[in-house]
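This report refers to the structure that appears directly beneath it.
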Amino acid sequence: MKGTMRAAMAHRLGAALTIEHLPIPTPGPGEVLVKIRASGVCHTDLHAVQGDWPVKPVLPFIPGHEGAGIVAETGAGVNHLRAGDAVGIAWLHDACGRCEYCISGWETLCERQRNSGYSVNGTFGEYAIASAAYVARLPSGCDFVGLAPILCAGVTSYKGIRETQARPGEWIVISGIGGLGHLAIQYAQAMGLHVAAIDVSESKLSLARSLGAEIVVNANDIGALEDIRRGTGGGAQGVLVTAVSPSAFTQALGMVRRKGTICLVGLPPGEFATPIFDVVLKRITLRGSIVGNRQDLAEAIDMAAYGKVQAMVEPYPLSQVNVVLDRLRVGGIEGRAVLDMSLAA
Ligand code: NAD
Ligand code: ZN
Ligand code: ZN
């Protein structure tokens, strides 16, 4: 008997999470038990708890998929990790390993994947179970609070930027400067791109400016799209939409250059209008993107560990998780909120 741990549990969609004392789980074959040191709070966790998407999470569940911590115990057959190793738990809990997607580096598209904090318990607790083959390696002695946001916000931004195929010296628009967007600005700059930023909140826009975005516009301004087109000399080669509003998806079509690519990663429930004529005649590519594979994750972590990008973090104790979700709902978090398990309740 290992004792108990505190964790935040969702029992009903749309209701507040409850902080509970639960037995510390035991890792099965191929699994590890991770002592969570810090867990980022992604807008996806809010979508999960609200039941926003067509596929609902399995109730009851512990949300969270940006968990950084230390291996506490290894299950049978786990030989490449040992107690004390620093690891990260991301959205992709595990996948089948055998399908056409898994064998081609697209495990994020596996139809049999399981997702942390959605179909299996996640990282809003003092311990979590992970699949040993799918955890990310973190540098030993790393800043767990600072690296946690990389495990979803970071890798999703990094991969999404690459999926626009914008080249160094070209322009990318980052739409939505929240947890994902504030990291996307930094990844894009580190990748040699010129960055324009768009959001509806003045405080998010000043954050974008302080991070070095060269063009910063408020999506609610009448001339917003024209400002971006003019500033980029005819539209951006890439647009990354992280915004949690369907209107931002339609706006993206007004900011992209001929032959450009719009990469969609934001997941507000709903649909958006797509002008067929523009997409066809301007040869626009519209592309969805979901997190990143394990290699993308390692690269995104590497860039953060070497200081090329740095998450702006608001730390909270686990007991404040509902306060965090309420703030996230109204756009009230600057950068990323991170549950720091070392903070007293
Ligand atoms: P966040 O709440 O931290 O940031 C969202 C930002 O969008 C805020 O700054 C908000 O002001 C801005 N915004 C709202 N309406 C806008 C508009 N009309 N135009 C421009 N900006 C607008 O959220 P986050 O954690 O960064 O997540 C963003 C979205 O990405 C969520 O829907 C989340 O579920 C999704 N997500 C997708 C993936 C993926 O793999 N595809 C991974 C992580 C998160
Ligand atoms: Zn996420
Ligand atoms: Zn598979």
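The numbers here are math on the coordinates, done by the rules we state, and not lab data. Computed from a predicted model, the values in this text were never measured in an experiment. Glycine gets a Cβ as well: all are built from the backbone with ideal geometry, and neighbour counts include every protein chain shown.
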Which three numbers, in whole Å and largest first, are the semi-axes of the equivalent ellipsoid of region 232-309 derived from its Cα gyration tensor as √(5λ)? 27, 16, 11
Eigenvalues of the Cα gyration tensor times 5, then square-rooted: what semi-axes does that give for region 52-144, in whole angstrom, largest first? 22, 18, 12
PRE zone check, label point 7 Å out along Cα-to-Cβ of V330, amide N under 20 Å, scope region 231-256, hits 244-245
Rounded to the nearest 0.05, what FRET efficiency do L22 and E202 have when you use their Cβ-Cβ distance and R0 = 45 Å? 0.60
Given the -39500 (n - 2.57) contribution per DSSP H run of 4+ residues, what per-residue ellipticity at 222 nm results for the chain, rounded to the nearest 500 deg cm²/dmol? -7000 deg cm²/dmol
Take every Cα-Cα pair in the chain and report what % of them are more than 36 Å apart. 18 percent
Which of I174, I161 comes first, and how do the rest follow, when ranked by fewest Cβ neighbours within 10 Å? I161, I174
Write down the radius of gyration of region 119-168 and its Dmax, each obtained from C-alpha positions, in Å. 14.0, 42
How long is the gain from A344 to N218 if the chain were fully straight, where each residue apart is worth 0.36 nm and the alpha carbon distance is subtracted? 41.5 nm
Packing-based order for 186-193, 122-129, using average beta carbon neighbours within 10 Å, highest first: 122-129, 186-193
Using a Förster distance of 35 angstrom, determine the FRET efficiency expected from the C-beta separation of S247 and A76, and round it to 0.05. 0.10
Angle in degrees between helix 153-164 and the longest Cα principal axis of the chain, rounded to the nearest 10: 40 degrees
Fewest-first ranking of T108, T274, using other Cβ atoms within 10 Å as the exposure measure: T274, T108
Neighbour counts of other C-beta atoms within 10 Å: give me T232, T164 arranged from fewest to most. T232, T164
Simple Cβ-charge dipole of the chain, Lys/Arg +1 and Asp/Glu -1, about Cα centre, in debye nearest 20: 500 debye
Any chymotrypsin sites (Phe, Trp or Tyr not before Pro) in region 258-314 that lie in a DSSP loop and have at most 15 other Cβ atoms within 10 Å would be Y306
Output the relative contact order of region 154-288, whole-number percent, from Cα pairs under 8 angstrom with separation of 6+ residues. 24 percent
Excluding residues fewer than 8 positions from K204 in its own chain, the lysines with Cα under 21 Å of it are K308
